[in-house]
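See structure below.
Just so it is clear, none of the values below were taken in a lab; they were calculated from the coordinates. Predicted, not measured: the structure shown is a model, and the values here were computed from it. All Cβ positions, even for glycine, are placed from backbone atoms using ideal geometry, and neighbour counts span all protein chains on display.
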Amino acid sequence: MKQLISMLLALSMLFGLMGFALAEEEDEENYETGDATLDLVRNEDEIGDKELLVVSFGTSFNDSRRLTIGGIEAAIDEAVEDYSVRRAFTAQIIIDHVEKRDGIHIDNVTEALDRAVVNGVKVLVVQPTHLMHGYEYDDVVAELAGYADAFEQIVVSEPLLTSEEDFDRVADIMIDLLKDYDDGKTAIVYMGHGTEHEYNKIYAQMQDVLTSKGAENYYIGTVEAAPSIDDVLEAIKDKGYTRVVLRDMVVVCGDHANNDMAGDEEDSWKSIFTAAGFEVECVMEGLGQVPEIQQIYVEHAQNAIAQVNN
């Protein structure tokens, strides 16, 4: 009897695992994000002794990765001379998912740095595509410290929102991107990621900049911190809005945009605003594919290169 029970338990576990695998496979088959082969992974060898490593969190959404992260990399590549532009992602789960699903490998930061050492790179400039000086940025800086003796010089550039000028320029871009919706009856809401890091303050800072520019119908909320969607709902109530336009305040148009913002689940921002009585429209485009945003990263990279000792 004990043997029979053990066999039944084993079979139950086996079928359970098979069912999980089939469900996972079915999810992946229905998870169409574009052609991964169109994206440049930028991990070639024999690149010379000057490298500009563009470090991003990453996304498994192939089209968005090519247009946003790939767009930033391409803009930097076109603008700088004598440097080979390469890519690294900080999110290992995304690297693993893309490799399993599409058979394409993207270097993580350690792999990219080790590759640079093997290639004989002497000067390494690192350009993060992060929005702020958050945990991901801190982790990159910490890892680079372990390679201080591996290169003649390492220069780390700034994320998107650093100086007052950055905030001013990005605010103007955000206003311009959705100006056609600004009819007085539409609440224009940018959805940020949010973080427990002290630099989560950049969202409130950007809100202040938008308000100072007269963009009274523009609001910022975050998925994982403050201001929350509840804060945004409180801010827009009783102001006569009939419509809400949502757009991602993230470099890529990835999982957060497609699920947390525009998903059909009842806890998505689209569903929450719809349930609150608003007509809702989602603009599916990451900040990284906006040429004016790419230009800011270009200038940050150029400023970092200017710090290199000749």
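Going through the DSSP H helices of the chain, which span 30 Å or more along their own axis at the Cα atoms while scoring at least -1.0 as a mean Kyte-Doolittle hydropathy?
2-29
Counting other beta carbons within 10 Å of each residue's own, what order do Met206, Met261 fall into, fewest first?
Ascending Cβ contact count within 10 Å gives the list Met206, Met261.
With a cap of 12 neighbouring Cβ atoms within 10 Å, and only residues DSSP puts in a loop, list the trypsin sites (Lys or Arg not before Pro) found in segment 232-301.
Lys237, Lys239
Just to be sure I understand the model, the point goes 7 Å from the Cα along the line to the Cβ. What's the resulting Lys201 to Glu165 distance in nm?
The two pseudo-label positions are separated by 2.2 nm.
Where the centre of each part is set by its Cα atoms, how far does segment 86-165 sit from segment 175-236, in angstrom?
Result: 29 Å between the Cα centres.
Rounded to the nearest 500, what is the chain's calculated 222 nm mean residue ellipticity when only DSSP H runs of at least 4 contribute -39500 (n - 2.57) each, over all residues?
-13500 deg cm²/dmol
Output ³J(HN,Hα) for segment 253-265: one whole-Hz value per residue in order, computed from phi by the Karplus curve 6.51 cos²θ - 1.76 cosθ + 1.60 with θ = phi - 60°, and x for Gly and Pro.
Calculated HN-Hα couplings, in order: 9, x, 4, 5, 5, 6, 10, 5, 8, 10, x, 8, 5 Hz.
Give the residue list of trypsin sites (Lys or Arg not before Pro) in segment 79-138 that are DSSP loop and have at most 15 other beta-carbon atoms within 10 angstrom.
Passing both the DSSP loop test and the Cβ count: Lys122.
Could you list His133, His105 so that the one with the fewest beta carbons within 10 Å of its beta carbon is first and the one with the most is last?
His105, His133
Subtracting the Cα-Cα distance from 0.36 nm times the residue separation, let me have the gained length for Glu234 to Asp183 in nm, one decimal.
16.3 nm
How much length is gained if the chain between Ala148 and Ser212 is pulled fully straight, taking 0.36 nm per residue apart and subtracting their Cα-Cα distance, in nm to one decimal?
18.8 nm
Which entry is the computed Kirkwood radius over Cα pairs in Å for this structure: (1) 21.2; (2) 19.6; (3) 20.1?
Checked against the structure: label (1).
Quick one: of Lys100/Lys270; Lys213/Lys239; Lys179/Lys201; Lys201/Lys237; Lys201/Lys270, which pairs are farther than 22 Å apart, Cα to Cα?
Over 22 Å apart, Cα to Cα: Lys100/Lys270; Lys179/Lys201; Lys201/Lys237; Lys201/Lys270.
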